[in-house]
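Here is the structure we will look at.
What follows is calculated from the coordinates using simple rules that are stated; it is not laboratory data. Just so it is clear, the model here is predicted, and its values are computed rather than measured. Note that we place each Cβ from the backbone using ideal geometry, even for glycine, and neighbour counts take in every protein chain shown.
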Amino acid sequence: MSQATQQAPAEIRGRWRQLSLLGGAMLVDSTEASLVNSLFPVIRQSLGLSLGALGILTAAGKIVGVFTGPLWVWVARRWSRKNVLVVATGLWGVWGIAAGFSQNFAQLLIFYTILAAGYAAAHPIITEIIGDLFDGSARGKAVGLLYGVIALAGSVLGPVKGQLANVGDGWRWGLWGIGAFNVLLGVGIWLWFRDPGIGAAERQLADLDPEMRAAQSRLTWTKALALLRIPSFGILLGSRLLSGHLLVGAFGVVFLVDVYGFSTAVASIVLLPFGVGYFLGNVAGGFLGDWAARRSPRYGLVAVLQAAQFGFAAAAFLGTQIAFASIVPFAAFFGLMGATQGVNPGINRPMVMAITPPELRGAAFAIYISIFEAIGWAAFSLGAGFLGDVFGLKQVFLWILVLLMLANGAYLTLLYRPYARDVDRLQHELDARRAAALSG
């Protein structure tokens with residue numbers, strides 16, 4: 001085999017169609033999970049809850065994912081990734097239907113937590129599969145488009161969900177409808193999804209026999225623990241704990257209702273520009289990341305990721321700390337917050353893929369998203385819920401969305417030295433695997 005053939009990037013047939021199917025699963029999961037957040041003002045009134053209840057709901061959903069996210073990754077290796085997606089992100093929608101029948105906070109908390117336990121499978125497993133569908137030159141674009149389209153669709157659904165506040169028991173109908181659709185989507189994954197296999201998009205492994213590729217990519221505890229010894233990965237994990245922008249999706253609507261006196265239906269309008277901004281940020285982030293990596297392989301991606309944190313802090317200050325007479329300026333700044341937040345997935349997900357071996361990416365994203373991001377999100381949600389009752393959400397948003405995000409941007413300076421070394425180390429490892437497989 002010639003060197004040119006060995007270096008040719010791998011391209012999986014039908015990869016964009018497969019990505020669309022996976023994106024549909026993530027969209028429905030996120031829509032059902034966010035329904036409680038966006039309609040909490042009417043749920044609060046219906047069930048007689050306090051603001052702290054939203055923090056408990058959001059935190060419980062994230063905390064359970066700390067345990068079930070890695071568990072689903074483990075099950076996927078011993079069963080199959082496709083079957084796990086069918087069950088955990090599809091048929092699991094029955095728990096959303098059950099949540100719609102809740103008569104008190106305890107019931108809603110139980111069903112919502114069980115629902116979140118299944119949905120925790122989506123991000124680590126689907127993101128791992130993206131790394132097997134697309135090679136390094138296209139991952140930023142693929143991740144950016146996936147998250148962007150999900151956000152755009154979610155932004156269109158956001159105001160629609162908000163209008164359910166004007167319907168008697170509208171939040172219940174929302175949970176019933178989305179849960180039923182999720183079950184149907186699970187059937188669609190079972191019928192049409194085709195798993196490309198681990199390492200299928202790596203140029204060094206793509207043309208190897210699948211069994212040979214699997215033998216070279218067996219997951220062991222030693223390999224899994226080695227993730228924590230990758231310097232760049234450790235820094236990225238720390239950044240997840242400082243990602244205060246995660247709070248805006250959970251508390252944005254109730255913030256505008258409580259702090260500036262908008263109705264739930266009017267406050268929900270900001271979800272549209274936020275989603276559009278998030279879509280544009282994802283798409284731009286993916287393309288910008290690929291361009292930055294070509295211009296400066298050592299520093300480009302890190303610089304874009306760092307700039308996104310500073311940009312979000314500036315937009316958050318203008319969009320949450322200044323009182324405007326109408327919803328329009330808030331909508332504009334929420335759009336900017338969505339854009340600067342949207343840059344992140346198209347940068348940080350490919351960065352994780354670039355420094356972790358194919359068989360460890362599911363575990364890496366379980367740690368990165370299901371554990372560290374969930375811990376950060378849970379802490380912010382609990383803190384915002386209880387501190388919001390004491391100090392007010394405006395003050396909490398200043399601390400978390402502005403000051404903490406400035407600290408996060410400064411913290412990412414630590415990535416400049418180790419990231420390029422970690423990327424080179426992985427490429428040398430894959431080259432060695434190829435040589436060992438062909439010589440055997």
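Here are some notes:
- Legend: P(r) of region 273-323 from all alpha carbon pair distances, 5 Å bins from 0, whole percents, reading 5, 19, 20, 23, 15, 10, 5, 2, 0.
- For the chain, the longest principal axis of the Cα atoms and the long axis of helix 170-192 meet at an angle of about 10 degrees.
- Cα-projected label distance for residue 16 with residue 137, points at 7 Å along beta-carbon direction, nm: 1.6
- With a Cα cut-off of under 27 Å and a minimum spacing of 8 residues unless on different chains, the lysine pairs in the chain number 7.
- Degrees separating the helix 105-119 axis from the principal Cα axis of the chain, which is the longest one: 20
- The simple spin-label model puts a point 7 Å past each Cα toward its Cβ; for residue 107 and residue 167 those points are separated by 2.0 nm.
- Region 17-110, Rg to Rh (Cα coordinates; Rh as Kirkwood inverse mean 1/r): 1.02
- Largest to smallest principal axis extent of the C-alpha atoms in region 43-86, angstrom: 44, 18, 8
- Hull volume in cubic angstrom per residue (convex hull over the Cα atoms of region 242-290): 77
- Rough spin-label spacing in nm, given labels placed 7 Å along Cα→Cβ, for residue 229 and residue 321: 4.4
- Descending semi-axes in whole angstrom, ellipsoid equivalent of region 250-345, from the Cα gyration tensor: 30, 12, 9
- Mean Cα-pair separation over length for the chain, i.e. relative contact order, pairs under 8 Å, 6 or more apart, %: 27
- Mean ellipticity per residue at 222 nm, deg cm²/dmol - from DSSP H runs of n ≥ 4 across the chain, formula -39500 (n - 2.57): -23500 deg cm²/dmol
- Note on region 283-424: the C-alpha convex hull projects to 9.4 nm² when averaged across all orientations.
- In a reduced charge model with +1 at each Lys and Arg Cβ and -1 at each Asp and Glu Cβ, the chain shows a dipole moment near 540 debye about its Cα centre.
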